[in-house]
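Encoded as C-alpha cells, here's the structure I'll be asking about.
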Amino acid sequence: MSIALVIPDRKLDQLQQKLQQQLPDVLIEIWPDIADPAVVEMAVVWRQPAGCLVNMPNLKALQSFGAGVDNILADATLPDLPLARIVDPMLTQSMLQYLQGVVQHYQLRLDEFSAQQRKQHWKPRSPRKIQRLCILGLGELGQAAACHFLQLGFVVDGWSASLKTLPGIQCFAGDEQFFAAVSQADVVICLLPLTPQTENLLNQQRLSQLKSGAILVNVARGAIVDDLALLQSLDSGQLAAACLDVFRVEPLPSEHPFWQHPAILMTPHISAVTNADTAVAQIAENYRRSQAGLPLLNLVCQQRGY
Ligand code: GLV
C-alpha cells in the first residue's frame, strides 16, 4: 500500500512527513523515487509529467494538490479514475485577502502614485470610485469572493456557466448575459475554471464589453485571457489596469510584454496557495475513503473540467 506524491519542482518533505503521521501504515513516496509502482494506490498530483502514472497499475484514486485541475486533466494518459481536488478554508481565506488587497490598492490609486513616484511627480488625488464588482465564475472561490465583497458594502454581480442564486448578488449566466454582467462593473474579477469553454474567453470582443476604464483581475488561469487582446485594451485605455496572478506560461517568460507594461500589476501565482496542514487531512481522508470503496470528497466532474 503506498501513496505517490507527484508534484514536481516542489519541496515535499514536510507534506510527506505530515501525511505519514496521519497514515502511519502507508508508505508515502515522492515521485520519481517509487520503489514499487505496482503497490501505489493513490497519487497526489499537481502538474504531473504526462505519462508518469501509466506504470502504476493498481491506482484507485487521484488527488489534486490544488483547487484547479486543468493541469492534471491536460495529461492525455491520465488513468480513468476518480479525481478529487482540494477545497480548503485556508486557501479561500488567502484568496479573499489577496482580492481585498488588490481592490484597495486600486481604490487608493497606489498604481498611479507608484508611477508618479518614479517620475518624481507630486500630484494628490482622491480615491478611485470602485463601487461595483463583477465576479466571473461562481464556484467555491467565486461565491466566497462575491459574499465577501457584498459584506464590505460593494454592489456585486456574478456570472457563471449555469445560473446561480446567491442572496444579494445579481447573477447572470451564459454568453448572452455576459454584457449585462460586466458592463457596469468597476472591477471584474476572474475566478473561472480553465476548460475548453473558458479558454480565451476574455478575448477582444468580450473585453470591449467591460465598462470603459474598468480594472481586470485574473486569479484563475492565464489561458482564460487572450494576452494580446488584454494588451490592446490597456493600450487603448478601454481598461485602466489589470492585476494578474496567473499566466499562460509560468513563470512568465522574460520577453513577455506583461513584465514591462505600466498598467499591469503582476504577482507570481500566490493568491491562494494550498496549505500543507489543511490539505493533508483531506488527502488522508480521501485515501481512507478510496480504501473503503466510498466516494471521494470534493470529487471533480472530469467531463466538465471542474
Ligand atoms: C491554484 O492555482 C490552485 O488551483 O490551487
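Computed from the coordinates by the stated procedures, all read-outs in this text should not be read as laboratory data. None of these values were measured; they are calculated from a predicted model. Neighbour counts are summed over all protein chains in view; Cβ atoms, including those assigned to glycine, are modelled from backbone coordinates with ideal geometry.
Kindly list the number of the only condition in (1) away from the ligand (no atom under 16 Å from the Cβ); (2) outside any helix (DSSP H, G or I); (3) at negative phi that fails for residue 38.
Tallying (1) away from the ligand (no atom under 16 Å from the Cβ); (2) outside any helix (DSSP H, G or I); (3) at negative phi, residue 38 fails exactly one: (2).
What number of residues within segment 69-99 satisfy the criterion of being within 12 Å of the ligand (Cβ to nearest atom) and in contact with a Leu (Cβ under 7 Å, 6 or more places away or on another chain)?
Adding up the residues that qualify gives 5.
What number of residues within segment 271-297 satisfy the criterion of being outside any helix (DSSP H, G or I) and within 12 Å of the ligand (Cβ to nearest atom)? Lay out the reasoning, then the answer.
Of all residues in segment 271-297, those outside any helix (DSSP H, G or I) come to 271-275, 293-297.
Still in the running and within 12 Å of the ligand (Cβ to nearest atom): 271-275.
Residues meeting the conditions: 5.
Take segment 211-270 and flag every residue that is in a helix (DSSP H, G or I) and within 16 Å of the ligand (Cβ to nearest atom).
Across segment 211-270, the qualifying residues are 222, 223, 224.
Does residue 137 count as out of contact with any helix residue (DSSP H, G or I) (no Cβ under 8 Å at 6 or more places or on another chain) and within 16 Å of the ligand (Cβ to nearest atom)?
In short, yes.
Working carefully through the options 82, 89, 57, 32, find the one that is under 28 Å from residue 293 (Cβ atoms) and without any contact (Cβ under 8 Å) to a residue 40 or more places away in the chain.
Result of the check over 82, 89, 57, 32: 57.
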